[in-house]
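What follows draws every value from the coordinates through simple rules; no lab data is involved. Since we're looking at a predicted model, the values are computed, not measured. Using ideal geometry, Cβ is built from the backbone for each residue, glycine included, and neighbour counts are taken over all protein chains shown.
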Amino acid sequence: MSILTQKFKEVLISVLPITIIVLLLNFTLTPIGTSLIIKFLLGAFLIIIGLSIFLIGVDKGITPLGNKVGASIVKPNRLWIVLIAGLILGFFISVAEPGLIIFGQQVELVTTGQISSTLLLIVVSVGMAVLLSFGFYRLVYNLPLYIILTFLYLIIFSLALFSEPELLVIAFDASGSTTGVLAVPFILALAIGISKLKKDSKASEKDSFGSIAIVSAGAIMSVLLLSILTPNTEFLPSLDVNIPETSSVFAPFIEMLPNMINDSFFAILPLLIIFIIFQIIALRLDTKSFFKIIKGFVYAFLGLLIFLLGVNAGFMDVGSIIGHSLALFDNKLYIIIVGFVLGLVTILAEPAVHVLTKQIEDVTSGSVTRRSVLIALCFGVGVAVALSVLRVFIQPLQIWHYLLPGYIIALSLMYFVPKMFVGIAYDAGGVATGPMTATFTLAFTQGAAEAVEGADVILDGFGMIAMVALTPIISLQILGLIFKIKSKKGGLI
């Protein structure tokens, strides 16, 4: 089986459930018109093709680059080189993350340009870079992850006390959006490259768990700091989810193509520059190996272009419209059930989830199976989306009413579960929130918020990604407790 066929099957199986749900809703509860359905199907097709090609690029170019760069920055055995490399690489890998690019565009749209996608991209990337550098420091000196996360989230909730409510929900959502199909394999590859070369380490891949969790915290803190430094900003939400009357199905794809080419090029360019610089000063790959990675970058660019075009021109509008239509039903149980089902299937649609679950199974020698991890993730994410939809209809219910007790539970569990599960759980929280969550499911909740009288599109429409990032942390740590109990009894999960 060729790598293209393999990736195509993976992505097809991932995107197909969402597509089926939309078609079923179109023919039952929420008819949305022939032209929109055709646009949606065309968008879904482009997402499948684009994501398949992009993942090939990740395998051929991005991940090998991460492994080689991770090894090269540790070779000199100088901590300052590792820390500076973490800053630079963290920033550029975040800037290129598809999920964060899409999320930034959503924020700019909903806030009518008051928060530009470029500003959000830079702020989040700076936070991610600083914490990735700190994450490398933690790897080198074997600092306990559960203690680090406790202090990081104490800082986060202290900052949250002084931040604007709108930027609070955006901050936690941005955290999930930045850890997707590009960032996860690259960061894991860097962390593995560094941990393998530590003199005082067991040289185990287990050390790489937790890196995603740390950079996710950096994204939250950076946006909260932005809120504190720019106080008293009045946001004027705007979201048009009316069914467009267009005679041309292909017009949006043609109109958006130039912008998508521009976004894709500048997303990949920083990583390409990093590769060329490292090739000159450290890697010095032979011609064949050099052009093999360049070929991977070409795949990544083309895949990202096709993916973004499918998302923006044909996919997200339908999510908004369905959420809007279901929210108008007198029986709110419909939209809550649909939200739960969307959460179940969305987690399967995140390619980065499969990267992490495979690594978990490999590191634990199969004692923690991919199936058990996926079940815990699916249930957690389904509950997260359902609770997010419920919040739209209960106006006094705010995002911090979920996040504060949720993180208290998550942080408390760290002190009781096997320590490896701490990194696994927090990494899973970041991994669960990739391009599918940042596109269709986020648009779904925003559409619902637009339809409900008294709801705020920013305060109530956002926050869903934050919930999707939180619930797997709890569900997988509970899985860790089960693993601990069964291990004492001599059983396996």
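Mind checking the dipole of the stretch 284-440: about its Cα centre, +1 per Lys or Arg Cβ, -1 per Asp or Glu Cβ, Debye to the nearest 20? Intermediate results must be reported in sequence, preceding the final value.
Details: 10 positive and 7 negative charges, 82 e Å.
Computed charge dipole of the stretch 284-440: roughly 400 debye.
Find how much the distance from ALA251 to VAL341 grows on full extension, using 0.36 nm per residue of separation minus their present alpha carbon separation; answer in nm with one decimal. Don't skip to the end; give the middle numbers.
Values: separation 90, 0.36 × 90 = 32.40 nm, distance 3.16 nm.
Working it through step by step, the gained length comes to 29.2 nm.
Please compute the length gained on full extension between ILE276 and ARG78, using 0.36 nm multiplied by the number of residues separating them and subtracting their Cα-Cα distance.
69.1 nm
Can you give the angle from 0 to 90° between the axis of helix 316-327 and the longest principal axis of the chain, with both taken from C-alpha atoms, to the nearest 10?
60 degrees
Between SER487 and TYR141, what's the calculated FRET efficiency when r is the beta-carbon distance and R0 is 25 Å? Round to 0.05. Mind dumping the intermediate values first?
On the way: r = 28 Å, r/R0 = 1.13.
Result of the calculation: an efficiency of 0.30.
For the stretch 442-447, in order, what is each residue's ³J(HN,Hα) by Karplus, 6.51 cos²θ - 1.76 cosθ + 1.60 with θ = phi - 60°, in whole Hz (x at glycine and Pro)?
5, 4, 4, 5, 5, x
Among the listed pairs LYS7/LYS39; LYS68/LYS488; LYS358/LYS486, which have their C-alpha atoms separated by more than 29 angstrom in this model?
Too far apart for the 29 Å limit: LYS68/LYS488.
Assuming 0.692 mPa s and 37 °C, estimate D for the stretch 56-156 with Stokes-Einstein, Rh taken as the Kirkwood radius over Cα pairs, in µm²/s.
Diffusion coefficient, whole number: 215 µm²/s.
Quick one: angle between helix 370-393 and the longest Cα principal axis of the chain, in degrees between 0 and 90, rounded to 10, please.
Result, in degrees: 40.
Stretched out fully, how many nm does the piece from ASP286 to ILE155 gain, at 0.36 nm a residue minus the Cα gap? Walk me through the intermediate numbers first.
Values: separation 131, 0.36 × 131 = 47.16 nm, distance 4.61 nm.
Result for the pair: 42.5 nm of gain on full extension.
Search the structure for amide H atoms under 5 Å from the amide H of LEU285, placed 1.01 Å from N in the peptide plane, and list their residues when 5 or more places away or on another chain.
Result for LEU285 returns nothing.
Once Lys and Arg get +1 and Asp and Glu get -1 on their Cβ, which of ALA282, PHE416, ASN26 lies farthest toward the positive end of the dipole of the chain?
ALA282
Give me the Debye-computed log₁₀ of I(q)/I(0) at q = 0.20 Å⁻¹ for the stretch 268-401, equal point scatterers on Cα only, no solvent, two decimals.
-1.14
Please list, in order along the stretch 156-170, the HN-Hα scalar couplings obtained from phi with the Karplus expression 6.51 cos²θ - 1.76 cosθ + 1.60 (θ = phi - 60°), rounded to whole Hz, x for Gly and Pro.
4, 6, 5, 5, 4, 4, 10, 9, 5, x, 5, 6, 5, 5, 5
Whose amide H sits under 5 Å from the amide H of GLY33, counting only residues 5 or more places off or on another chain, with H placed in the peptide plane?
It is none; the list stays empty.
If you take every residue apart from GLY61 with its C-beta less than 13 Å away from the C-beta of GLY61, what net charge results, scoring Lys and Arg +1 and Asp and Glu -1? Display every interim value, and only then the final one.
Working: positive: LYS60, LYS68, LYS292, LYS295; negative: ASP59.
Neighbour charge sum, excluding GLY61 itself: +3.
Along the charge dipole of the chain, Cβ charges K/R +1 and D/E -1, which of LEU190, ILE473, GLN446 sits furthest on the positive end?
The residue sitting farthest along the positive end of the dipole is LEU190.
Taking the Cα centre of the chain as origin and charging only Cβ (+1 Lys, Arg; -1 Asp, Glu), how large is the dipole, in debye to the nearest 20?
Values: 27 positive and 26 negative charges, 534 e Å.
With Lys and Arg at +1 and Asp and Glu at -1, about 2560 debye.
Return a whole-number percent for the relative contact order of the chain, with Cα pairs under 8 Å and 6 or more residues apart as the contact set. List each step's numbers first, then the result.
Numbers: 868 pairs, mean separation 120.5, N = 493.
It comes to 24 percent, rounded to a whole number.
Report ³J(HN,Hα) in whole Hz for each residue of the stretch 8-15, in order, from the Karplus equation J = 6.51 cos²θ - 1.76 cosθ + 1.60 where θ = phi - 60°; Gly and Pro get x.
So the J values, rounded to whole Hz, are 4, 5, 4, 6, 4, 4, 6, 7.
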